[in-house]
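Some notes on the structure that comes next.
Bear in mind these aren't lab numbers, they're just calculated from the coordinates by the rules spelled out. If you're wondering where the values come from, they're calculated on a predicted model, not measured in any experiment. Neighbour counts run over all protein chains shown; Cβ positions are idealised from the backbone, glycine included.
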Amino acid sequence: MSGKSPARLIDCGRTCVGLLLALAAVLKLPQLLTGAISPFWWLLVAVELCLGMGLVLGVAVVWVSASAAILFSAFSLINAFYLWHQVPHCACLGLLPASPALMLPIDLASLAFSLLSLAAEILPQRPPLLGRKT
């Protein structure tokens with residue numbers, strides 16, 4: 001196994017999380033444009049879209065990954081609250097029907113990949129112990 005495989009997996013996860021955020025933002029646009037939901041949601045859509053594109057493009061990875069981790073922590077807490085109170089649907093994906101039971105594991109996985117991406121950027125890279133010359 002090459003040393004680049006974990007980095008590629010983290011990049012792939014970061015890209016998938018970014019695409020999920022961008023998709024969620026785009027799916028909320030019809031409701032925003034028709035005024036079906038509160039104008040406050042414009043802020044959420046803008047944040048989701050900016051963070052999503054930042055993750056996909058690999059721009060300011062430390063800042064964007066940290067922000068995405070905070071956002072997915074909040075999403076996870078909200079969906080856990082919804083599950084606890086048996087709320088059947090959330091507006092997580094705009095008009096696309098989604099339940100908190102479906103979105104909570106997705107949010108937790110996205111949180112994990114955001115934290116992995118952040119850790120890969122800020123922790124020092126060490127050579128493998130085996131095969132190293134001493």
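For helix 41-57, what angle does its Cα long axis make with the longest principal axis of the chain, in degrees from 0 to 90 and rounded to 10? Approximately 20 degrees, to the nearest ten. Using the rule -39500 (n - 2.57) for each DSSP H run of four or more residues, divided by the residues of the chain, the 222 nm mean residue ellipticity is -24500 deg cm²/dmol. Listed by Cβ neighbour count within 10 Å, with the fewest neighbours leading, Thr34, Thr15 appear as Thr34, Thr15.
If you plug the beta carbon distance of Val59 and Ala91 into 1/(1 + (r/R0)^6) with R0 = 35 Å, you get a FRET efficiency near 0.80. For segment 5-122, relative contact order (Cα pairs under 8 Å, six or more residues apart, normalised by length) works out to 33 percent. For the chain, the alpha carbon convex hull comes to 122 Å³ per residue, rounded to a whole number.
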